[in-house]
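What follows is a set of notes on a single structure, which appears directly below.
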Amino acid sequence: MKKTYKINGMTCGGCVAGVTKKLLGLKEITSAEVSLEKAEALVDLKHPVEIKTLQSVLGSKYNITEKQKSVEDNFTTENAILEKSKIQQLKPLLLIFLYLLVSATLLNIKDWSAASFMLDFMGMFYIVFSFFKLLDLKGFPESFKMYDPIAKTIPLYGKIYPFIEIILGLCFLMRFQITAALIGTIFILGITTIGVTKSLLSKQTIQCACLGTVLKLPMTQATFIENAIMIIMAFVILLNTWI
């Protein structure tokens, strides 16, 4: 365990040597780097030591206090905690994506077809994500309109959006009206992605409604990526169909 202490009263190299020797005299301290210029000591501790113990060792000539973390250090620590929290919150989303990838792969592993894999993935994506939205059909529109441009303008759109996902999912899984479903995917997810991008750029702290409101997911780059994957798949299949 490393700690930094401010030490006032040192005036020369002899003071540095004396302070270093006294600190190393404590069995709890394994190393000590004392700086005259910074008026501080970086010590490596086996166990925590009370500040009054350190003061008694140094004597009245020196005054030792624990160095407080700077605002920048605290900001960095808080950011690290927030990032860890976001990853934990996104765990359900990542697990669902993993399950969808594995399921779509297993469905097509015998007679592999990239197009069939993408259609199955997109179909299951819509069905699974609509399920979570339907768990709280009243709360979803309120969260969705926070970032989706159409839902902001037309409240009814947020209410019927889960059912649109169900229809698109069934179209992909049943191979029915695929072209129309692909165009629909590009349109609705493209609009949503614009809203997501604006929210991310403005650094708004809002809830992502991709899995409804039952699971509390923060709006992060993962939301943008999930939409981007679906849009890219839709474009690829359309290009392969038209070329």
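The values are calculated or read from the model by the stated rules, or taken from the named source; none is laboratory data. Fair warning: this is a prediction, and the values are worked out from it, not measured in the lab. Note that we place each Cβ from the backbone using ideal geometry, even for glycine, and neighbour counts take in every protein chain shown. We work out accessible area using only protein heavy atoms, side chains counted, and drop any ligands, DNA or RNA first. Shrake-Rupley method; radii C 1.70, N 1.55, O 1.52, S 1.80 Å.
Points worth noting:
- In this structure, residue 202 and residue 154 have a Cβ-Cβ separation that, at R0 = 30 Å, corresponds to a calculated FRET efficiency of about 0.85.
- Listed by chain and number, the lysines whose C-alpha is less than 18 Å from the C-alpha of residue 198, apart from same-chain residues fewer than 8 away, are 145, 152.
- Pairwise FRET efficiency - residue 164 versus residue 114, Cβ, R0 = 45 Å, nearest 0.05: 0.95
- Listed pairs 6/46; 110/133; 21/52; 2/203 exceeding 28 Å between Cα atoms: 110/133; 2/203
- For a label point 7 Å along the Cα-to-beta-carbon line of residue 238, residues of segment 148-183 with backbone N under 16 Å: 168, 172, 177-183
- A 1.4 Å probe run over segment 100-144, with the rest of the protein chains in place, finds 50 Å² accessible per residue.
- The listed residues 111, 120, 136, once ranked by accessible area (1.4 Å probe) with the largest placed first, stand as 111, 136, 120.
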